[in-house]
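Asker: Let me begin by handing over the structure; questions about it come next.
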Amino acid sequence: MRDYIDVTGKNEDEAISKALAQLALDRDDVSVEVLERAKSGFLGLGACPAKIRVYYGPEEEILPPPPPPAAKPEPIPEEALKPQAAPEKRERPERRERPPREKKERAVPEKKERPAEPRREEPALFQPAPLGEEVDDEKAAAIKTFLTGLLEHMDSVAQVKVYLPEKGRYKVILEGQGLGALIGRRGETLDAIQQLTSYAVNRDGGPRVRIHLDAENYRAKREQSLQHLARKVAGKVVRYRRSVTLEPMNAYERHVIHTALQDFDGVTTYSTGTDPNRRVVVAPDRSERH
């Protein structure tokens, strides 16, 4: 049997995420069996976490059953062992020799070489654009003031740097050591800080600006990971002609998936569900002719 681990969580999705993080594997590399579903209980009483069993590792080959044992030979009767008189030989009629036939050489059909299938060129991975020099205008000062105070309450010594790659959009970089707590699981904490900063900076009126917050280059790494996942899933959809539903993602991550596959032949993408459980579906493109 394959190796497995048992993991618990508030729900099945959280338990699966814990198992994948513990095994350092992708969702497609494991098989999941739900042992116990999560129960909310009543007023906190009788609550029960979800329990799953995650199988991983190579699948064992199923060997054919061994052949049945050979039957023991029955003993030969003594009468059969006694020598018997040889039968009289009958004269066989002489065979007439036929002239040898000439062998005709068969023409071997030439093998037609199949044209090589064109390789699908994978798009280059996302590369962050240079940000240039820091800015120190009114909005940048408001961003630094708010984030500095917020980070002090979070006991973080991260340094705040603000850039303006295009008009109306500020790129904010947090620099420092051990910023994992500011990023959070799948960037959830980073997204929350970004929303709070945007609200604080834009609530005083004036032209509204967009704020893009990043730490330890997490956004670029996450985009590369999502682009790789999108191409991997799209290849399976084209091969097996079956739709694949991805894990829940926020609006920005769903946009990365849609953009990565917009020029991928043979697939189409769309979103389903409601936030925070809205997912991307990668489906075969029905307009393709096969």
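Asker: Within region 198-221, is even one residue within 15 Å of the chain's Cα centre (by Cα) and of a type in the set (D, E, K, R)?
Answerer: no
Asker: Here's a follow-up. Those residues that are closer than 16 Å to Ala283 by Cβ and assigned to a helix (DSSP H, G or I), I need them from region 252-272; list them, please.
Answerer: Within region 252-272, Arg254, Ile257, His258, Ala260 meet the criteria.
Asker: Under the condition of being in a helix (DSSP H, G or I) and touching a strand residue (DSSP E or B) at 6+ places or on another chain (Cβ under 6 Å), which residue from region 17-31 is nearest to Gly57 (Cα to Cα)?
Answerer: Checking each candidate, the answer is Leu23.
Asker: Right, here's the next one. Scanning region 158-181 for residues that are outside any strand (DSSP E or B) and of a type in the set (A, V, I, L, M), which turns out surrounded by the most Cβ atoms within 10 Å (Cβ to Cβ)?
Answerer: Across region 158-181, the extreme among qualifying residues is Ala158.
Asker: Filter region 259-270 down to the residues that are within 18 Å of Glu223 (Cβ to Cβ) and either surrounded by 12 or more Cβ atoms within 10 Å (Cβ to Cβ) or without any contact (Cβ under 8 Å) to a residue 12 or more places away in the chain (or both) and list them by number.
Answerer: Across region 259-270, the qualifying residues are Thr259, Ala260, Leu261, Gln262, Phe264, Thr269.
No lab work stands behind these numbers, since they all come straight from the coordinates. Keep in mind that this is a model prediction, so the values were computed, not measured. No Cβ is skipped: glycine too gets one built from the backbone with ideal geometry, and neighbour counts run over all protein chains shown.
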